[in-house]
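Throughout, read-outs are computed from the coordinates displayed, never taken from laboratory work. For clarity, every value in this text was computed on a predicted model and none was experimentally measured. Every residue, glycine as well, gets a Cβ built from its backbone with ideal geometry; the counts of neighbours run over all protein chains shown.
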Amino acid sequence: DSTLAQTNLNTASTTKTEAFLSDVITGLRGNPKRLNSKYFYDANGDKLFQDLMNCEEYYPTNCELEIFSERTDEITDALIAGGDAFDLIELGAGDATKSAYLLKDLLDKKADFTYLPIDISENVISYLNITLPVTLPGLKITGLNGEYFDMLKKAASISSRRKVVLFLGSNIGNMPVPEAIEFCRELRNHLSEGDMLLIGMDLKKDPKVVLAAYNDKEGITKKFNLNLLERINRELGADFDLAKFDHYPTYDPESGACKSYLISLEDQMVKIGGKENIHFQKDEYIYMEISQKFTLMQTDQIAINTGFAPLTQFFDGKKWFVDAIWVA
Ligand code: AVI
């Protein structure tokens, strides 16, 4: 019944907005102030991220594309060698540009698999469900819209086949290391022995290269960060003046943590949702995002500490990025 469906939809979006509001208020009431970078990706943020991936300084996407386009055959062979028919589950599929290399090769090799892209964005999932079967004839696809672990449970409830999980783009780096470890542990708990994880991780390198990737000349990264304030204005009825905040990226070569902040340019008050007043001192910062860079030893340690066995690693020519296969 369409009225009921509409009500469910409204309820779902109300709950989402409430969670967003409560996270924003908690984050901005805290000391230090912080916002969660998972909220960067509204329609405008998705577009800015596309621009970022095409900008000169942002290297991780190109490195991983190089791996996927030049080592396709070896990667798919390793995935197929894990056993019979499987579900290929991608966490945060986006436009699936990288995975499309694997999908095409797996189809050419007549591998028995279904592609289950998971994404928090409804737009992404309906786009993939419609376009991929056209560009990749014969592809079996079931897009799942929702949070990673909820959707992994759903995937397990509709199929008991072997699972191969893709977690690309160094998305794992957007969690502080202890949280990333917890995430891998929980992921392992959703898998069975012999299942596989293909995980993309950005590696430590010349600090200037890393910092430049988060401080591009065109200012796309700055817009990408400021866009979250704009989203809060629009969706939560706040009155951030974007001109009163500056973007400040940092990279610490010792810890490998690349962090972005927004700095308040003056003493100011911001109203959220018509009632919550947040005070900013001049020079006070909002901690926006971490993009952790790893050593190779650290990547193996994370695997071993979370119940996986590292199997193979694939690198780009500069060894700036790794796609590793871990076995559950
Ligand atoms: C999605 N994620 C891996 C990107 C990164 O590199 O941390 C997001 C990003 N933030 C600024 N530039 C790109």
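The charge dipole of the chain, taken about the Cα centre with unit charges on the Cβ atoms of Lys, Arg (+1) and Asp, Glu (-1), comes to about 300 debye, rounded to the nearest 20.
Normalising the Debye intensity of the chain to I(0), with uniform scatterers on Cα atoms only, and taking log10 at q = 0.12, 0.13 Å⁻¹ returns -0.90, -1.05. When the GluC sites (Glu not before Pro) in region 86-160 are filtered for DSSP coil states and for at most 14 other beta-carbon atoms within 10 Å of their beta-carbon, the remaining sites are Glu147. What does the convex hull of the alpha-carbon atoms of region 26-129 project to on average, in nm²? So the Cα hull casts an average projection of 9.0 nm².
For region 185-241, the list of GluC sites (Glu not before Pro) that fall in a loop by DSSP and count at most 16 other C-beta atoms within 10 angstrom reads Glu193, Glu218.
Three principal axis extents of region 248-302 based on alpha-carbon atoms, in descending order, are 48, 22, 10 Å.
Ranked by how many other Cβ atoms sit within 10 Å of their own Cβ, fewest first, the residues Val24, Val327 fall in the order Val327, Val24. Working from the Cα coordinates of region 191-328, the gyration tensor eigenvalues give, after taking √(5λ), semi-axes of 37, 19, 12 Å in decreasing order. Treating the angle as unsigned and between 0 and 90°, give the value, to the nearest 10°, between the Cα long axis of helix 177-189 and the longest Cα principal axis of the chain. Orientation of helix 177-189: about 40 degrees from the principal axis.
In summary, the aspartates and glutamates within cross-link reach of Lys271, defined as a Cα separation below 16 angstrom excluding same-chain residues under 8 places away, comprise Asp23, Glu230, Glu235, Asp239, Asp241.
Computed from Cα positions, the angle between helix 148-158 and the longest principal axis of the chain comes to roughly 30 degrees.
Applying a DSSP loop filter and a limit of 13 other Cβ atoms within 10 Å to the trypsin sites (Lys or Arg not before Pro) in region 37-122 leaves Lys109, Lys110.
Pairs spanning more than 27 Å between alpha-carbon atoms, out of Lys140/Lys318; Lys16/Lys275; Lys38/Lys293; Lys259/Lys319; Lys38/Lys163: Lys140/Lys318.
Pair-distance distribution P(r) for region 119-260, from all Cα-Cα distances in 5 Å bins starting at 0: 2, 7, 11, 15, 16, 15, 15, 12, 6, 2, 0 percent. Residue-wise HN-Hα couplings along region 213-219, as the Karplus relation 6.51 cos²θ - 1.76 cosθ + 1.60 with θ = phi - 60° gives them from phi, are 5, 10, 8, 5, 4, 5, x Hz; Gly and Pro carry x. Ordering Thr131, Thr114 from the fewest to the most neighbouring beta carbons within 10 Å gives Thr131, Thr114.
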